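The values are calculated or read from the model by the stated rules, or taken from the named source; none is laboratory data. All values reported here derive from a predicted model rather than from experimental measurement. Virtual Cβ from ideal backbone geometry, glycine too; neighbours counted across all protein chains shown.
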Amino acid sequence: MGICLPNPGEAHINGVIVPEEKAYEEAAKQFLMAKVPTIFPGPLVLWAWNEKAAKKATAVRHLYNTLKECVQPGQTPMLIPMPDYRPKYPKINPEVEINPNHPNLTIWHNKIDCCMFIGVHCHQANLALKIIRGGTSCYTIAMCAQAGHEDAMLSFRDASVEKIMKLAEWVKKLKGTVKPRLTSAKSGASN
Amino acid sequence: MSKERIKISEDLYDIMPSDYQDLVKSATYGKEDRGWKDIGNSKELIEQHSLCAGCPESMAFRYILASLPNPEDTVMVGSTGCTSLVFPMVAVHNIHSLFGNQNAIASGLKRALSVRFPGRTKDVVVLAGDGATVDIGLDMTLQAWFRQEKFTTICFDNELYANTGGQESGLMQKGFVAKMAPVGKLFDKVRLPEIARESGCHYVVQCTVSKPSLIEKVIKNAVMIAREIGPTYLQLYTPCILEIGKNSMEGLQEMRDSEKPTERFAYKEYISEPAKQLLAEMAAKDKEKKAAAKQLAAQGA
């Protein structure tokens, strides 16, 4: 069992390989449907360790701003960093950060029902995505710079500034056409 | 890592937790004369930790991290024990090794770093408890010294296995009765500083962590000698106040009592001839620099 990862130019949605264009549309829909759509930027974009990383950070901020502009009243887009992979003692503050060792705490606390990982090293993203998938009902999107993530419900591959900007364009394009799930009181929390 | 890279992406700066912002703004990476006096004036390289209140190990950690001469280009290797609870909160690259394996890991790491970064100084510092250094990992500890591996080994000596409830360790003092060693230790504390000297360490110090200035001095000496000459070893008494029946505020006094000239943690130091020469050269350069700075200040006035 298991799923195949997409080839360049493709993505996967729930394990089914699709053309990338379809994944942009679906990801934008999921963001616009969610009560708390959230972007989780990881160290690879939080730190300006090269020029490309800084540009990706700008694109991430643009995507977040676009989301804020395009959602309806009652929806609360969030941008929560994953600055560190090591467990935090004595505990993390789920309002200001997410940690891959217990990402469910942040999901539950903020009632996040759709999230996107970007700039998180693959092995840590896999761990976090598995925990989220197993312990919450949050829809997970991976904007992966490598080959994609089988544990995300929707995964892009070869993430670039252009791809992040394109997703933002799709969010703008679908503005007002998607009905948000405002009635789902439980949202991301599964228990 | 280079300190030039320690920069948060401008567009995401506002969402970074404050501890990371503070590290970038006011930590002492790259400061040449960094030392324990920076504690309180700058962001420390240790965040909250989960050690017990008043634990001398936490003091030791703070002094060591404040004294490393080159933290942005240092990798620390830890092992199982109380120290492993602290490393997640340390803003210096670090690796957790298998219990006792720390000096083997550090050997490979140091060699790999010198191949990968031939033109750059990379320091490796092992920091482990007495169980990892003297009991479980003694083979790896000694072999690294025999091979003259160029890194510093620091042993936090609390004279027992504190993390697991107080079992007897090789560095426990003779006759000591611990919670999980009710008969009392039957043989003497292993004399690792002497063994280190005979095994080829160029700088060996045994002391407590009651004096931050002393810790700064020995850490700097140990790292610089390891960088240039060969292995160095520091054995620091960091008593486990819980396991010896003391209160939180009594750790410092316990160390002061144990470092008296007749006690088992009286200051002990061994410096090899090449290391002595290096320290003398360093002192001379330092003197020159200070004199030049003084002259410059006088000219300015």
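So for the range B:200-211 (the condition being in contact (Cβ under 8 Å) with a residue 12 or more places away in the chain, over 21 Å from residue B:129 (Cβ atoms), crowded, with 16+ Cβ neighbours inside 10 Å and touching a Phe, Trp or Tyr at 6+ places or on another chain (Cβ under 6 Å)), does at least one residue qualify? Yes - at least one qualifying residue is present in the range B:200-211. Being in a loop (DSSP other than H, G, I, E, B), among the aromatic types (Phe, Trp, Tyr) and either crowded, with 19+ Cβ neighbours inside 10 Å or out of contact with any strand residue (DSSP E or B) (no Cβ under 8 Å at 6 or more places or on another chain) (or both) is not true of residue B:61. The set of residues from the range B:174-187 being assigned to a loop (DSSP other than H, G, I, E, B) and either among the small types (Gly, Ala, Ser) or closer than 19 Å to residue B:139 by Cβ (or both) comprises B:175, B:184. For residue A:17, the conditions (1) more than 16 Å from residue A:175 (Cβ to Cβ); (2) more than 9 Å from chain B (Cβ to nearest Cβ); (3) out of contact with any Asp or Glu (no Cβ under 6 Å at 6 or more places or on another chain); (4) not acidic (Asp, Glu) are fulfilled apart from (3). Take the conditions (1) of a type in the set (Val, Ile, Thr); (2) surrounded by 23 or more Cβ atoms within 10 Å (Cβ to Cβ); (3) part of a helix (DSSP H, G or I); residue B:77 misses just one of them, which is (3).
When the range B:15-47 is filtered for residues that are away from chain A (no Cβ under 13 Å), in a helix (DSSP H, G or I) and among the small types (Gly, Ala, Ser), only B:26 remains. Looking only at the range A:47-79, residues that are hydroxyl-bearing (Ser, Thr, Tyr) and within 13 Å of chain B (Cβ to nearest Cβ) come to 2 in all. Only one entry of B:197, B:191 meets the criterion of being over 26 Å from residue B:38 (Cβ atoms) and in contact (Cβ under 8 Å) with a residue 60 or more places away in the chain, and that entry is B:197.
Of the residues that make up the range A:80-90, is at least one modelled with pLDDT under 95, in contact with a Leu (Cβ under 9 Å, 6 or more places away or on another chain) and either at positive phi or away from chain B (no Cβ under 14 Å) (or both)? No - not one qualifying residue is present in the range A:80-90. Against the condition free of Cβ contacts under 8 Å to residues at least 60 places away in the same chain, part of a loop (DSSP other than H, G, I, E, B), small (Gly, Ala, Ser) and more than 30 Å from residue B:247 (Cβ to Cβ), how does residue B:108 come out, does it pass? Against the criterion (free of Cβ contacts under 8 Å to residues at least 60 places away in the same chain, part of a loop (DSSP other than H, G, I, E, B), small (Gly, Ala, Ser) and more than 30 Å from residue B:247 (Cβ to Cβ)), residue B:108 does not qualify.
Can you find, within the range B:138-177, the residue that is surrounded by the fewest Cβ atoms within 10 Å (Cβ to Cβ) among those that are small (Gly, Ala, Ser) and in contact with a strand residue (DSSP E or B) (Cβ under 7 Å, 6 or more places away or on another chain)?
If we filter the range B:138-177 for residues that are small (Gly, Ala, Ser), which is where we start, we get B:144, B:162, B:165-166, B:169-170, B:175.
Keeping just the survivors that are in contact with a strand residue (DSSP E or B) (Cβ under 7 Å, 6 or more places away or on another chain) gives B:166, B:169.
Numbers: B:166: 21, B:169: 26.
It comes out as B:166.
Within the range A:81-90, one or more residues are in contact with a helix residue (DSSP H, G or I) (Cβ under 6 Å, 6 or more places away or on another chain), of a type outside the set (Ser, Thr, Tyr) and farther than 23 Å from residue A:146 by Cβ. Sort out which residues of the range B:87-105 are assigned to a helix (DSSP H, G or I), away from chain A (no Cβ under 12 Å) and either surrounded by fewer than 22 Cβ atoms within 10 Å (Cβ to Cβ) or out of contact with any Gly (no Cβ under 9 Å at 6 or more places or on another chain) (or both), and write them in order of number. Of everything in the range B:87-105, those that are assigned to a helix (DSSP H, G or I), away from chain A (no Cβ under 12 Å) and either surrounded by fewer than 22 Cβ atoms within 10 Å (Cβ to Cβ) or out of contact with any Gly (no Cβ under 9 Å at 6 or more places or on another chain) (or both) turn out to be B:104, B:105.
Picking from B:84, B:58, B:50, which residue would you name as being among the small types (Gly, Ala, Ser), within 14 Å of another protein chain (Cβ to nearest Cβ), out of contact with any Ser or Thr (no Cβ under 6 Å at 6 or more places or on another chain) and over 30 Å from residue B:228 (Cα atoms)?
On the way: B:84 fails: over 30 Å from residue B:228 (Cα atoms); B:58 fails: over 30 Å from residue B:228 (Cα atoms).
Step by step, each of B:84, B:58, B:50 is checked, and only B:50 is among the small types (Gly, Ala, Ser), within 14 Å of another protein chain (Cβ to nearest Cβ), out of contact with any Ser or Thr (no Cβ under 6 Å at 6 or more places or on another chain) and over 30 Å from residue B:228 (Cα atoms).
Please state which one of A:104, A:65 is under 16 Å from the mean Cα position of the chain (by Cα) and in contact (Cβ under 8 Å) with a residue 24 or more places away in the chain. Explain how you work it out, then say what you get.
Details: A:65 fails: in contact (Cβ under 8 Å) with a residue 24 or more places away in the chain.
It is A:104.
Residue B:11 passes every criterion in (1) of a type outside the set (Val, Ile, Thr); (2) buried (at least 19 other Cβ atoms within 10 Å of the Cβ); (3) part of a loop (DSSP other than H, G, I, E, B); (4) at the interface with chain A (Cβ under 9 Å from one of its Cβ atoms) apart from (3).
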